[in-house]
Amino acid sequence: MARTLTLATAVTWLVWATSISAQAPASSAASAAAAAPKRDLTGVWMIRNPAGMRGYAGATFTKEEPEMTPWAIAKYKEAKNTNGGQYDLETTNDPVVTKCYPPGTPRVYFHPYPFEFIQTPKYVLMLYEYDHAIRRIYTDGRPLPPDPDLTWMGTSVGRWENDTTFVVDTVGFNEKTWIDRLGHPHSSEMHVTERFRRTDRDHLQIDFIITDPKALVKPWTSTFYAELRPQWELGEISCSGDYLEFKTFEK
Amino acid sequence: MKRFSRTPAILAISAAALFTASGLALAHHGAAAFDTDKMVTVKGAVTELVYTNPHVQVHWEAKNEQGVSEKWQGELTAPNKLTRAGWNKNTLKPGDQITVSGNPNKNSPHTLWIRKLVGPEGNSLPLFED
């Protein structure tokens, strides 16, 4: 079941990588941009990074390798990702591809599907189309739990830093996911900070700060860009599903 | 331009040439199962459109050089993405004449990762959301 997604995931990713590479940088499209509404991220967004990031941003956060601890370097060497074309259906050990595991935070941003913010008085929901991943970001003033239960997407709290910047801190990850599609590992001590900056009505800048005392020597930082898609609605994407049978076809 | 001639029904074009012409570039190779150096084009009649997760599947039949009908199948992207590009489950119906271009699967050359699909009305159908 899960193995069948290998190709689907890889192909989707490649199609996405080629399609975004044909587009102009998000920033250059901002002619006469409407102002961002105050303290409101509501809507459907799609990652659209500028052309200069195309070489890596479909798969990882930065062009350069993050500074990893020996523990993380050893784990990273075990990763057999599907992005370089070296590992196929039979040989990859990508947990999303081989087991249909949830992508986790922050890897979910490397799956080429939109996400949606829904704001309520006490929390913000983030719905990711890819495999129905959901995050509940509490905005009622509660602190991060000191000893959280471990989950795929983590436990999140958020606050408005100013009228257009929403800052989310997330902790409490299990160790079954990769940080990105290349297989950079993390531990349960990972802390992900996302600063969602709505630079105008149609554009969102996401600053990532990833810390993990067990895996990273210093914080891993990056900035991704998303665009509002007012006409889009999230649909159903499941990792599980039937897939074209290659081996028995034509036999 | 490369030649890839399994049958006269299959036209061969180099993937590199296509991407250059369309302004696209393959930044990475993620689809190890497909031969992205080859692009084949096949004309035939739709037998089934499977509008499903994780990826939409198209099945069709095409005649080979001996005039014998052969089965082909191909993959598109996820149904959500096609829906946003204007598709639905009835976009292709059995009997519709289509021309499909794509990269062949390495182990199953009649299975394509579809890169272009000309529909029954002669126009190239959008395969991606914007």
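Filtering region B:27-45 to residues that are part of a strand (DSSP E or B), surrounded by 20 or more Cβ atoms within 10 Å (Cβ to Cβ) and aliphatic (A, V, I, L, M) leaves B:MET39, B:VAL40, B:VAL42. For region A:20-78, filtering for residues that are polar (S, T, N, Q), surrounded by 15 or more Cβ atoms within 10 Å (Cβ to Cβ), in a loop (DSSP other than H, G, I, E, B) and modelled with pLDDT under 95 leaves 1.
For residues that are without any contact (Cβ under 8 Å) to a residue 24 or more places away in the chain and over 21 Å from A:PHE115 (Cβ atoms), scanning just region A:135-174, find the one that is nearest to the chain's Cα centre (by Cα). Among those that are without any contact (Cβ under 8 Å) to a residue 24 or more places away in the chain and over 21 Å from A:PHE115 (Cβ atoms), it is A:ASP149.
Pairs are defined by a Cβ separation below 7 Å, a sequence spacing of at least 6 or placement on different chains, a first member in region A:115-132 that is surrounded by 13 or more Cβ atoms within 10 Å (Cβ to Cβ), and a second member that is in a helix (DSSP H, G or I); the pairs so defined are A:TYR128/A:VAL108; A:GLU129/B:ASN80; A:TYR130/A:VAL108. Among the residues examined, B:LEU82 does not qualify as aliphatic (A, V, I, L, M), surrounded by 14 or more Cβ atoms within 10 Å (Cβ to Cβ) and part of a loop (DSSP other than H, G, I, E, B). Among the residues making up region A:80-97, a single one is more than 12 Å from chain B (Cβ to nearest Cβ) and surrounded by fewer than 18 Cβ atoms within 10 Å (Cβ to Cβ): A:ASN93.
Of all residues in region A:196-218, those being among the basic types (Lys, Arg), crowded, with 20+ Cβ neighbours inside 10 Å and not in a strand (DSSP E or B) number 0. Filtering region A:52-91 to residues that are under 16 Å from A:GLN205 (Cβ atoms) and small (Gly, Ala, Ser) leaves A:GLY52, A:ALA57. Restricting A:THR221, A:THR164, A:THR193 to residues that are more than 22 Å from A:TYR101 (Cβ to Cβ), among the β-branched types (Val, Ile, Thr) and buried (at least 19 other Cβ atoms within 10 Å of the Cβ) narrows the list to A:THR164.
Could you list, in sequence order, all residues of region B:53-99 that are β-branched (Val, Ile, Thr) and under 15 Å from B:LEU127 (Cα atoms)?
B:VAL56, B:VAL58, B:THR77, B:THR83, B:THR91, B:ILE98, B:THR99
The values are calculated or read from the model by the stated rules, or taken from the named source; none is laboratory data. Because the structure is a prediction, the values reported are computed rather than measured. Using ideal geometry, Cβ is built from the backbone for each residue, glycine included, and neighbour counts are taken over all protein chains shown.
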